[in-house]
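Written out below as structure tokens is the structure these notes cover.
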Amino acid sequence: MLAGELGAFLRSRREAVRPAQVGLPVSAGRRTPGLRRAELATLADVSVEYLARLEQGRDTRPSARVLRALARALLLSEEDTEYLHRLAAVTYGIELGPRTRDVVRTVRPTVQAVLRQLEPAPSFVVNHLGDLLAWTGAYERLVGPLGVLDGDPPNVLWFTFVDDRARTAYPDWETVADEHVADLYELRWGDPAVDEFAQRLARRAGEAFTERWQRRPLGSRRTGVRELSHPELGTLRLSFEMLQLSDPELRLVILLPAEEQTRVSLEKLQTDLGS
């Protein structure tokens, strides 16, 4: 839920800023991660008591001036600053608050038809919890040997954090894990289904997930290149494009070769698939 999220977001960003980044001296015996509350209050020109109320959720109506000052003091990115203002607006009641929505578990026939047209590109449809709902035959052939589709339902986050095979499948596992958690957090927006899923995942995955979730990450990529270690084809470099479908809870992800060797390997994969 969004209750207390404004304060938690501020705390996460305060703990991520190192004193040297804002020109403060660093003492050898310092134990506080990031900035102390008093240091941030001084930088943002607010009282320590007021900042404490914000972080503890006892004050949920910061002014635009205070939000701008906190964003500057915390060195927030444009994306983080926008998210901070959105949190404040929702908390204040200017916009719609937490939304409960049904978790989409199926895809429409027209989306299935799109996937058929995308063959032989490895492609899949995923909901906001990371459940894999539909995919091309090429995607099944590509990730089936890795174990990605073994879950019931298969879920990209569950595979990444719970299945030991994921650390072999993703040579850049740390980056993949970061991006999956950022994606889940960005799509959370007060949905209790996301919080319930995150709690279940935290119980199974432990610190690898919880430490990332507590950072309240933003900035997951919608396009880029990812490496995959395939037991038959070796290391593949795959470009990905993530597209929003008309249903806001669903996204279509298309994988394409990012280099010639990967293109040749994918062609071999499709030849074996059709044989």
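The values are calculated or read from the model by the stated rules, or taken from the named source; none is laboratory data. Remember, predicted model here, so these are calculated numbers, not experimental data. In this analysis, Cβ positions are derived from the backbone assuming ideal geometry, glycine residues included, and neighbour counts consider all displayed protein chains. Heavy atoms of the whole protein, side chains included, go into the accessibility calculation; ligands, DNA and RNA do not. Shrake-Rupley method; radii C 1.70, N 1.55, O 1.52, S 1.80 Å.
Scanning segment 1-44 for residues that are under 17 Å from residue 81 (Cβ atoms) and open to solvent by 50 Å² or more (accessible area, probe 1.4 Å) gives 11, 16, 21, 43. Residues being of a type in the set (Gly, Ala, Ser) and under 29 Å from residue 193 (Cα atoms): count how many of those fall in segment 104-127. Going through segment 104-127 one residue at a time, the tally reaches 2.
From the list 217, 231, the lone residue that is surrounded by fewer than 16 Cβ atoms within 10 Å (Cβ to Cβ) and in the same structural domain as residue 164 (by the TED database) is 231.
Applying the set (1) of a type in the set (Ser, Thr, Tyr); (2) in contact (Cβ under 8 Å) with a residue 24 or more places away in the chain; (3) open to solvent by 50 Å² or more (accessible area, probe 1.4 Å) to residue 110 leaves exactly one unmet item: (2).
Scanning segment 184-207 for residues that are surrounded by fewer than 16 Cβ atoms within 10 Å (Cβ to Cβ), of a type in the set (D, E, K, R) and touching a residue at least 40 places away in the same chain (Cβ under 8 Å) returns 195, 204. Each residue in segment 240-270 was checked for being of a type outside the set (Asp, Glu), open to solvent by 30 Å² or more (accessible area, probe 1.4 Å) and out of contact with any helix residue (DSSP H, G or I) (no Cβ under 7 Å at 6 or more places or on another chain), and 11 pass. Take residue 150 and tell me if it is out of contact with any Ser or Thr (no Cβ under 8 Å at 6 or more places or on another chain) and part of a loop (DSSP other than H, G, I, E, B). In short, yes.
Taking segment 251-267 as the range and being in contact with an Asp or Glu (Cβ under 8 Å, 6 or more places away or on another chain) and more than 24 Å from residue 186 (Cβ to Cβ) as the test, no residue passes.
Can you work out which of the residues in segment 70-87 that are small (Gly, Ala, Ser) and crowded, with 17+ Cβ neighbours inside 10 Å is farthest from residue 39 (Cα to Cα)? Checking each candidate, the answer is 71.
Scanning segment 165-193 for residues that are out of contact with any Gly (no Cβ under 9 Å at 6 or more places or on another chain) and modelled with pLDDT of 90 or more turns up 167, 168, 170, 171, 172, 173, 174, 175, 176, 177, 178, 181. The criterion of at least 3 residues that are within 23 Å of residue 220 (Cβ to Cβ) is met by the following helices (runs of 4 or more DSSP H) wholly inside segment 1-85: 5-16.
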